[in-house]
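The values are calculated or read from the model by the stated rules, or taken from the named source; none is laboratory data. Because the structure is predicted, anything quoted here is derived from the model rather than measured. For neighbour counting, all protein chains shown are included, and Cβ atoms are generated from backbone atoms with ideal geometry for every residue, glycine included. Note: accessible area is taken over every heavy atom of the protein model, side chains too, but ligands, DNA and RNA are not part of it. Shrake-Rupley method; radii C 1.70, N 1.55, O 1.52, S 1.80 Å.
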Amino acid sequence: MTTQLEQVYEPLNTKTAIELSKNLQLFDLHDELTAEEIGDGNLNLVFRILHIESGNSIIIKQALPYAKVVGDSWPLTLDRARIESESLQRTYQLVPKLTPKVYYNDPKLAVTIMDDLSHLIILRKGLIAGHQYPKLAKDIGTFLAHTLFFNSDYGMNQQEKKIQSSRFINPELCKITEDLVFTDPFFDHDTNNIEAELKSFVEHVIWADQPLKLEVAKLKKLFLTKAETLVHGDLHTGSIFVSQEETFVIDPEFAYYGPIGFDIGAFLANIILNYLSQDAHLSDQPQKKAEFRQYLLDVLTTTWTVFEQEFTSLWISYPQDAFMKVDGFLEQTLADIWKDTVGFAGCKVIRRMIGLAGVEDVESIKDSPARIAVKKQALTLGKHLILNRHELTTIDKLVKVVSSNA
Ligand code: SR1
Ligand code: MG
(Lines give C-alpha, C1' and ligand atoms only; values in the text may rest on other atoms or scores of the structure.)
(Ligands and ions follow the chains in the order given, each with its own letter.)
Protein backbone atom coordinates (compact mmCIF):
# COMPACT_ATOMS: atom_id res chain seq x y z
CA MET A 1 0.00 0.00 0.00
CA THR A 2 1.42 3.40 -0.91
CA THR A 3 0.77 6.75 0.71
CA GLN A 4 1.60 10.30 -0.21
CA LEU A 5 3.59 10.61 2.99
CA GLU A 6 5.79 7.54 2.95
CA GLN A 7 8.66 8.86 0.81
CA VAL A 8 10.10 11.42 3.23
CA TYR A 9 10.31 11.32 6.99
CA GLU A 10 8.74 14.18 8.81
CA PRO A 11 7.10 14.28 12.23
CA LEU A 12 3.33 13.94 12.00
CA ASN A 13 0.90 16.43 13.43
CA THR A 14 -2.80 15.94 14.07
CA LYS A 15 -3.67 17.01 10.51
CA THR A 16 -1.15 14.77 8.72
CA ALA A 17 -1.94 11.88 11.08
CA ILE A 18 -5.58 12.06 9.94
CA GLU A 19 -4.47 12.29 6.31
CA LEU A 20 -2.27 9.24 6.72
CA SER A 21 -5.06 7.15 8.21
CA LYS A 22 -7.39 8.13 5.34
CA ASN A 23 -4.72 7.52 2.67
CA LEU A 24 -4.28 4.05 4.13
CA GLN A 25 -8.05 3.53 3.87
CA LEU A 26 -8.28 2.78 7.56
CA PHE A 27 -11.22 5.17 7.44
CA ASP A 28 -13.39 6.44 4.58
CA LEU A 29 -12.33 9.62 2.83
CA HIS A 30 -15.33 11.60 4.06
CA ASP A 31 -15.34 10.30 7.64
CA GLU A 32 -15.20 13.00 10.26
CA LEU A 33 -12.11 12.21 12.32
CA THR A 34 -10.44 13.77 15.33
CA ALA A 35 -6.77 13.35 16.23
CA GLU A 36 -5.13 13.89 19.60
CA GLU A 37 -1.43 13.56 20.49
CA ILE A 38 -1.48 11.50 23.68
CA GLY A 39 2.15 10.36 24.01
CA ASP A 40 3.45 10.69 27.55
CA GLY A 41 6.55 8.53 27.19
CA ASN A 42 10.16 9.53 26.83
CA LEU A 43 10.69 8.99 23.11
CA ASN A 44 7.77 9.06 20.64
CA LEU A 45 4.69 10.76 19.27
CA VAL A 46 1.41 8.89 19.78
CA PHE A 47 -1.78 9.99 17.99
CA ARG A 48 -5.26 8.69 18.70
CA ILE A 49 -7.46 8.93 15.62
CA LEU A 50 -11.18 8.70 16.35
CA HIS A 51 -14.12 8.37 13.98
CA ILE A 52 -16.68 10.28 15.99
CA GLU A 53 -19.78 8.71 14.46
CA SER A 54 -18.84 5.03 14.90
CA GLY A 55 -16.50 5.42 17.87
CA ASN A 56 -13.85 3.40 15.97
CA SER A 57 -10.31 4.47 16.72
CA ILE A 58 -6.69 3.59 16.02
CA ILE A 59 -3.28 4.56 17.36
CA ILE A 60 -0.54 5.98 15.14
CA LYS A 61 2.79 5.84 16.90
CA GLN A 62 5.75 7.60 15.34
CA ALA A 63 9.36 7.56 16.45
CA LEU A 64 11.09 10.94 16.59
CA PRO A 65 14.71 11.14 15.39
CA TYR A 66 15.80 12.13 18.90
CA ALA A 67 14.94 11.27 22.52
CA LYS A 68 11.92 13.43 23.39
CA VAL A 69 12.79 13.30 27.09
CA VAL A 70 16.08 15.13 26.45
CA GLY A 71 15.51 17.02 23.17
CA ASP A 72 17.13 17.06 19.74
CA SER A 73 20.61 17.12 21.27
CA TRP A 74 20.18 13.33 21.72
CA PRO A 75 19.71 11.84 18.22
CA LEU A 76 18.10 8.43 18.16
CA THR A 77 17.63 5.93 15.34
CA LEU A 78 14.26 5.68 13.61
CA ASP A 79 14.93 1.97 13.09
CA ARG A 80 13.47 1.45 16.55
CA ALA A 81 10.01 1.90 14.98
CA ARG A 82 10.66 -1.03 12.64
CA ILE A 83 11.92 -3.10 15.55
CA GLU A 84 8.87 -2.22 17.62
CA SER A 85 6.50 -3.12 14.77
CA GLU A 86 8.20 -6.43 14.08
CA SER A 87 8.36 -7.30 17.76
CA LEU A 88 4.65 -6.52 18.20
CA GLN A 89 3.79 -8.67 15.19
CA ARG A 90 5.89 -11.57 16.42
CA THR A 91 4.39 -11.25 19.90
CA TYR A 92 0.88 -11.13 18.42
CA GLN A 93 1.56 -14.56 16.85
CA LEU A 94 2.40 -15.95 20.28
CA VAL A 95 0.01 -14.17 22.68
CA PRO A 96 -2.68 -12.37 20.62
CA LYS A 97 -4.81 -11.61 23.66
CA LEU A 98 -1.97 -9.80 25.40
CA THR A 99 -0.58 -7.57 22.67
CA PRO A 100 -2.06 -4.99 20.25
CA LYS A 101 -2.64 -5.91 16.61
CA VAL A 102 -0.52 -3.97 14.11
CA TYR A 103 -2.44 -2.80 11.02
CA TYR A 104 0.36 -1.05 9.18
CA ASN A 105 3.96 -0.06 9.58
CA ASP A 106 6.23 2.16 7.53
CA PRO A 107 9.92 2.07 8.41
CA LYS A 108 10.64 5.28 6.47
CA LEU A 109 8.00 7.28 8.30
CA ALA A 110 8.91 5.35 11.48
CA VAL A 111 5.21 4.74 11.99
CA THR A 112 3.25 1.86 13.51
CA ILE A 113 -0.54 1.81 13.35
CA MET A 114 -2.20 -0.43 15.88
CA ASP A 115 -5.20 -1.14 18.10
CA ASP A 116 -6.31 1.73 20.29
CA LEU A 117 -6.18 0.56 23.90
CA SER A 118 -7.06 3.86 25.50
CA HIS A 119 -10.19 2.39 27.08
CA LEU A 120 -7.64 0.77 29.41
CA ILE A 121 -5.31 2.43 31.92
CA ILE A 122 -1.53 2.36 32.04
CA LEU A 123 -0.68 -0.05 34.86
CA ARG A 124 1.69 2.38 36.58
CA LYS A 125 -1.10 4.95 36.91
CA GLY A 126 -3.60 2.34 38.11
CA LEU A 127 -1.21 1.06 40.76
CA ILE A 128 -0.36 4.58 41.96
CA ALA A 129 -4.10 5.09 42.44
CA GLY A 130 -4.22 1.89 44.49
CA HIS A 131 -6.24 -0.21 42.05
CA GLN A 132 -5.92 -3.98 41.98
CA TYR A 133 -5.98 -5.97 38.74
CA PRO A 134 -6.91 -9.60 39.36
CA LYS A 135 -5.70 -10.92 35.99
CA LEU A 136 -2.45 -8.99 35.79
CA ALA A 137 0.01 -11.47 37.30
CA LYS A 138 -1.33 -14.52 35.48
CA ASP A 139 -1.39 -12.61 32.20
CA ILE A 140 2.14 -11.26 32.58
CA GLY A 141 3.46 -14.65 33.73
CA THR A 142 1.89 -16.19 30.61
CA PHE A 143 3.19 -13.38 28.37
CA LEU A 144 6.70 -13.85 29.72
CA ALA A 145 6.70 -17.64 29.42
CA HIS A 146 5.38 -17.73 25.84
CA THR A 147 7.40 -14.86 24.38
CA LEU A 148 10.64 -15.74 26.13
CA PHE A 149 10.37 -19.50 25.43
CA PHE A 150 9.22 -19.44 21.79
CA ASN A 151 11.85 -16.90 20.70
CA SER A 152 14.69 -18.84 22.32
CA ASP A 153 16.78 -21.83 21.25
CA TYR A 154 14.58 -23.88 23.61
CA GLY A 155 11.35 -23.18 21.75
CA MET A 156 12.25 -21.99 18.25
CA ASN A 157 14.00 -23.76 15.42
CA GLN A 158 17.62 -22.90 16.17
CA GLN A 159 18.45 -21.81 12.61
CA GLU A 160 15.34 -19.64 12.44
CA LYS A 161 16.29 -18.12 15.77
CA LYS A 162 19.65 -17.00 14.34
CA ILE A 163 17.90 -15.42 11.34
CA GLN A 164 15.27 -13.79 13.54
CA SER A 165 17.91 -12.44 15.93
CA SER A 166 19.56 -10.57 13.02
CA ARG A 167 16.37 -8.51 12.57
CA PHE A 168 16.53 -7.39 16.18
CA ILE A 169 20.01 -5.91 16.34
CA ASN A 170 19.15 -2.74 18.26
CA PRO A 171 22.47 -1.07 19.12
CA GLU A 172 21.29 2.46 19.93
CA LEU A 173 18.46 1.43 22.22
CA CYS A 174 20.64 -1.20 23.88
CA LYS A 175 23.25 1.51 24.48
CA ILE A 176 20.62 3.56 26.33
CA THR A 177 19.99 0.60 28.63
CA GLU A 178 23.70 -0.17 29.00
CA ASP A 179 24.30 3.43 30.08
CA LEU A 180 21.15 4.36 31.98
CA VAL A 181 20.50 1.05 33.73
CA PHE A 182 23.88 -0.58 34.18
CA THR A 183 26.59 2.07 34.10
CA ASP A 184 25.68 5.66 34.91
CA PRO A 185 23.77 5.12 38.20
CA PHE A 186 26.81 3.34 39.64
CA PHE A 187 29.16 6.26 38.98
CA ASP A 188 28.98 10.03 39.44
CA HIS A 189 27.76 10.54 35.89
CA ASP A 190 26.13 13.68 34.54
CA THR A 191 23.07 11.84 33.23
CA ASN A 192 22.10 10.97 36.81
CA ASN A 193 19.25 12.81 38.46
CA ILE A 194 19.89 12.79 42.20
CA GLU A 195 18.07 14.85 44.78
CA ALA A 196 20.47 16.93 46.90
CA GLU A 197 19.33 15.24 50.13
CA LEU A 198 20.20 11.86 48.64
CA LYS A 199 23.64 12.64 47.25
CA SER A 200 25.80 11.62 50.20
CA PHE A 201 23.76 8.43 50.72
CA VAL A 202 24.37 7.50 47.09
CA GLU A 203 28.08 8.29 47.38
CA HIS A 204 28.49 5.99 50.39
CA VAL A 205 25.98 3.23 49.70
CA ILE A 206 26.28 2.87 45.92
CA TRP A 207 29.33 4.56 44.40
CA ALA A 208 31.83 3.57 47.13
CA ASP A 209 30.77 -0.08 47.16
CA GLN A 210 33.32 -1.99 45.06
CA PRO A 211 31.75 -5.47 45.55
CA LEU A 212 28.44 -4.00 44.32
CA LYS A 213 30.15 -2.60 41.23
CA LEU A 214 31.73 -5.98 40.51
CA GLU A 215 28.31 -7.67 40.60
CA VAL A 216 26.76 -4.98 38.39
CA ALA A 217 29.64 -5.47 35.94
CA LYS A 218 28.68 -9.17 35.73
CA LEU A 219 25.02 -8.31 35.16
CA LYS A 220 25.92 -5.76 32.48
CA LYS A 221 28.04 -8.43 30.81
CA LEU A 222 24.98 -10.71 30.72
CA PHE A 223 22.95 -7.91 29.11
CA LEU A 224 25.71 -7.39 26.54
CA THR A 225 26.37 -11.02 25.69
CA LYS A 226 23.59 -13.44 26.73
CA ALA A 227 21.52 -13.54 23.51
CA GLU A 228 19.02 -16.10 24.82
CA THR A 229 15.74 -14.78 23.49
CA LEU A 230 13.86 -11.85 22.01
CA VAL A 231 13.15 -9.68 25.04
CA HIS A 232 10.73 -6.76 25.20
CA GLY A 233 13.61 -4.76 26.63
CA ASP A 234 11.65 -2.18 28.65
CA LEU A 235 8.92 -4.09 30.45
CA HIS A 236 8.07 -1.60 33.17
CA THR A 237 4.56 -0.81 34.40
CA GLY A 238 4.32 2.09 31.92
CA SER A 239 4.51 -0.48 29.09
CA ILE A 240 1.37 -2.33 30.19
CA PHE A 241 -2.30 -1.42 29.69
CA VAL A 242 -4.81 -3.00 32.07
CA SER A 243 -8.38 -3.25 33.22
CA GLN A 244 -10.12 -5.73 35.48
CA GLU A 245 -10.54 -8.03 32.47
CA GLU A 246 -7.64 -7.33 30.13
CA THR A 247 -3.85 -6.94 30.00
CA PHE A 248 -1.85 -5.70 27.00
CA VAL A 249 1.90 -5.24 26.69
CA ILE A 250 2.96 -2.35 24.46
CA ASP A 251 6.10 -0.41 23.48
CA PRO A 252 8.77 -3.02 22.63
CA GLU A 253 11.10 -0.53 20.92
CA PHE A 254 13.98 -1.73 23.11
CA ALA A 255 13.51 -5.31 21.87
CA TYR A 256 16.70 -7.26 21.19
CA TYR A 257 18.17 -10.70 21.78
CA GLY A 258 19.11 -10.71 25.46
CA PRO A 259 18.81 -12.67 28.71
CA ILE A 260 15.46 -14.28 29.58
CA GLY A 261 15.61 -12.79 33.07
CA PHE A 262 15.78 -9.20 31.82
CA ASP A 263 12.05 -8.71 31.16
CA ILE A 264 11.03 -10.62 34.27
CA GLY A 265 13.38 -8.54 36.41
CA ALA A 266 12.07 -5.30 34.88
CA PHE A 267 8.46 -6.16 35.69
CA LEU A 268 9.19 -7.34 39.23
CA ALA A 269 11.32 -4.23 39.90
CA ASN A 270 8.51 -1.90 38.95
CA ILE A 271 6.01 -3.75 41.14
CA ILE A 272 8.54 -3.50 43.98
CA LEU A 273 8.90 0.25 43.42
CA ASN A 274 5.15 0.71 43.62
CA TYR A 275 5.13 -1.39 46.82
CA LEU A 276 7.73 0.90 48.39
CA SER A 277 5.97 4.07 47.23
CA GLN A 278 2.70 3.07 48.89
CA ASP A 279 4.32 3.76 52.25
CA ALA A 280 3.81 7.40 51.35
CA HIS A 281 0.73 7.28 49.08
CA LEU A 282 -1.30 5.31 51.62
CA SER A 283 0.36 6.58 54.80
CA ASP A 284 -2.95 7.75 56.25
CA GLN A 285 -4.82 4.53 55.40
CA PRO A 286 -2.91 1.74 57.19
CA GLN A 287 -5.51 -0.95 56.51
CA LYS A 288 -5.68 -0.19 52.79
CA LYS A 289 -1.88 0.06 52.65
CA ALA A 290 -1.48 -3.42 54.17
CA GLU A 291 -4.08 -4.93 51.81
CA PHE A 292 -2.68 -3.25 48.72
CA ARG A 293 0.87 -4.17 49.56
CA GLN A 294 -0.19 -7.79 50.08
CA TYR A 295 -1.79 -7.65 46.61
CA LEU A 296 1.53 -6.43 45.15
CA LEU A 297 3.46 -9.19 46.90
CA ASP A 298 0.96 -11.68 45.45
CA VAL A 299 1.59 -10.17 42.00
CA LEU A 300 5.31 -10.88 42.45
CA THR A 301 4.66 -14.46 43.53
CA THR A 302 2.00 -15.29 40.94
CA THR A 303 3.92 -13.74 38.04
CA TRP A 304 6.99 -15.84 38.72
CA THR A 305 5.00 -18.99 39.59
CA VAL A 306 2.91 -18.79 36.40
CA PHE A 307 6.03 -18.06 34.35
CA GLU A 308 7.82 -21.08 35.86
CA GLN A 309 4.84 -23.42 35.38
CA GLU A 310 4.14 -22.30 31.80
CA PHE A 311 7.80 -22.31 30.81
CA THR A 312 8.10 -25.84 32.21
CA SER A 313 5.06 -27.05 30.34
CA LEU A 314 6.28 -25.47 27.06
CA TRP A 315 9.73 -27.00 27.63
CA ILE A 316 8.17 -30.45 27.98
CA SER A 317 5.73 -30.04 25.06
CA TYR A 318 7.86 -28.26 22.44
CA PRO A 319 11.54 -29.15 22.95
CA GLN A 320 13.86 -27.93 20.20
CA ASP A 321 17.01 -29.56 21.55
CA ALA A 322 17.79 -33.16 22.49
CA PHE A 323 19.40 -32.02 25.74
CA MET A 324 16.11 -30.60 26.97
CA LYS A 325 15.12 -34.14 27.98
CA VAL A 326 18.23 -34.56 30.12
CA ASP A 327 17.43 -34.68 33.84
CA GLY A 328 18.33 -31.48 35.62
CA PHE A 329 18.71 -29.22 32.55
CA LEU A 330 15.31 -27.54 32.97
CA GLU A 331 15.89 -27.00 36.70
CA GLN A 332 19.34 -25.53 36.06
CA THR A 333 17.95 -23.25 33.33
CA LEU A 334 15.16 -21.98 35.59
CA ALA A 335 17.60 -21.42 38.46
CA ASP A 336 19.84 -19.35 36.15
CA ILE A 337 16.86 -17.36 34.83
CA TRP A 338 15.75 -16.64 38.39
CA LYS A 339 19.21 -15.53 39.52
CA ASP A 340 19.49 -13.18 36.51
CA THR A 341 15.96 -11.92 37.19
CA VAL A 342 16.80 -10.92 40.77
CA GLY A 343 20.02 -9.18 39.73
CA PHE A 344 18.37 -7.26 36.89
CA ALA A 345 15.50 -6.28 39.19
CA GLY A 346 18.06 -4.80 41.59
CA CYS A 347 19.68 -2.74 38.81
CA LYS A 348 16.29 -1.54 37.58
CA VAL A 349 15.25 -0.44 41.07
CA ILE A 350 18.45 1.55 41.53
CA ARG A 351 18.38 3.24 38.11
CA ARG A 352 14.86 4.56 38.70
CA MET A 353 15.95 6.23 41.96
CA ILE A 354 19.06 8.04 40.75
CA GLY A 355 19.30 7.68 36.96
CA LEU A 356 18.03 9.89 34.16
CA ALA A 357 14.46 8.56 34.09
CA GLY A 358 12.62 8.27 37.38
CA VAL A 359 9.23 6.69 38.04
CA GLU A 360 6.01 8.52 38.78
CA ASP A 361 5.23 6.09 41.63
CA VAL A 362 8.03 7.69 43.64
CA GLU A 363 8.44 11.12 42.05
CA SER A 364 4.77 11.91 42.71
CA ILE A 365 5.30 11.68 46.49
CA LYS A 366 5.01 15.38 47.36
CA ASP A 367 6.33 15.18 50.90
CA SER A 368 10.08 15.51 50.41
CA PRO A 369 11.30 13.58 53.51
CA ALA A 370 8.87 10.75 52.71
CA ARG A 371 10.07 10.64 49.09
CA ILE A 372 13.73 10.59 50.12
CA ALA A 373 12.97 7.82 52.63
CA VAL A 374 11.37 5.70 49.90
CA LYS A 375 14.35 6.32 47.61
CA LYS A 376 16.78 5.23 50.33
CA GLN A 377 14.76 2.07 50.96
CA ALA A 378 14.70 1.32 47.26
CA LEU A 379 18.45 1.85 46.85
CA THR A 380 19.16 -0.37 49.84
CA LEU A 381 16.82 -3.06 48.55
CA GLY A 382 18.13 -2.88 44.98
CA LYS A 383 21.67 -3.29 46.24
CA HIS A 384 20.62 -6.23 48.43
CA LEU A 385 19.04 -7.99 45.44
CA ILE A 386 22.18 -7.56 43.33
CA LEU A 387 24.58 -8.70 46.06
CA ASN A 388 22.46 -11.59 47.34
CA ARG A 389 20.96 -12.97 44.16
CA HIS A 390 22.83 -16.26 44.59
CA GLU A 391 21.18 -16.82 47.98
CA LEU A 392 17.71 -15.45 47.11
CA THR A 393 16.94 -18.68 45.29
CA THR A 394 13.13 -18.63 45.44
CA ILE A 395 10.31 -16.18 44.91
CA ASP A 396 9.31 -16.66 48.56
CA LYS A 397 12.75 -15.49 49.67
CA LEU A 398 12.50 -12.44 47.41
CA VAL A 399 9.04 -11.56 48.72
CA LYS A 400 10.28 -11.88 52.29
CA VAL A 401 13.15 -9.49 51.60
CA VAL A 402 10.84 -6.96 49.92
CA SER A 403 8.29 -7.03 52.74
CA SER A 404 10.86 -6.89 55.51
CA ASN A 405 12.79 -3.99 53.96
CA ALA A 406 9.83 -1.66 53.83
C1 SR1 B 1 16.13 8.27 27.07
S2 SR1 B 1 14.98 7.05 27.36
C3 SR1 B 1 14.90 6.83 29.09
C4 SR1 B 1 14.21 5.59 29.48
O5 SR1 B 1 12.90 5.58 28.98
C6 SR1 B 1 12.58 4.30 28.47
O7 SR1 B 1 11.34 3.88 28.92
C8 SR1 B 1 13.69 3.38 28.91
O9 SR1 B 1 13.45 2.78 30.16
C10 SR1 B 1 14.83 4.32 28.94
O11 SR1 B 1 15.90 3.87 29.73
MG1 MG C 1 8.59 2.91 26.31
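A few notes on this one:
- Taken over the stretch 101-176, the convex hull of the Cα atoms encloses 165 Å³ per residue.
- FRET efficiency, S317 to K221 (Cβ-Cβ, R0 51 Å, nearest 0.05): 0.95
- Multiplying each eigenvalue of the alpha-carbon gyration tensor of the stretch 227-270 by 5 and taking the square root yields semi-axes of 20, 11, 8 Å, largest first, rounded to whole angstroms.
- Label positions at E363 and H30, each projected 7 Å from the Cα along the C-beta direction, are separated by 4.7 nm.
- Highest mean packing first, where packing is the average number of other Cβ atoms within 10 Å per residue, the peptides 309-319, 263-273, 176-186 line up as 263-273, 176-186, 309-319.
- Both radii were evaluated on the Cα set of the stretch 196-311; the Rg over Rh quotient, with Rh as the Kirkwood radius, amounts to 1.02.
- Cβ-based charge dipole, the chain, positive-most Cα from A280, V399, F47: V399
- Mean separation of Cα contacts under 8 Å, 6 or more apart, over the residue count of the stretch 14-115: relative contact order %: 20
- Per-selection metrics, the stretch 14-115 (Cα): Rg and Dmax in Å: 14.1, 42
- Volume per residue of the C-alpha convex hull in the chain, rounded to whole Å³: 144
- Computed from the Cβ-Cβ distance with R0 of 45 Å, the FRET efficiency linking Q158 to E53 stands at 0.30.
- Charge dipole of the chain about the Cα centre (unit charges at C-beta), most positive-ward option of Q93, Y257, I337: I337
- Sequence ranges 291-301, 157-167, ranked by mean other-Cβ count within 10 angstrom, highest first: 291-301, 157-167
- With protein chains left intact and a 1.4 Å probe, residues in the chain average 43 Å² of accessible area per residue.
- Of the accessible area of the chain, computed with a 1.4 Å probe over protein heavy atoms only, carbon and sulfur atoms account for 53 percent.
- In terms of overall dimensions, the stretch 134-269 has a Cα radius of gyration and Dmax of 17.0, 53 angstrom.
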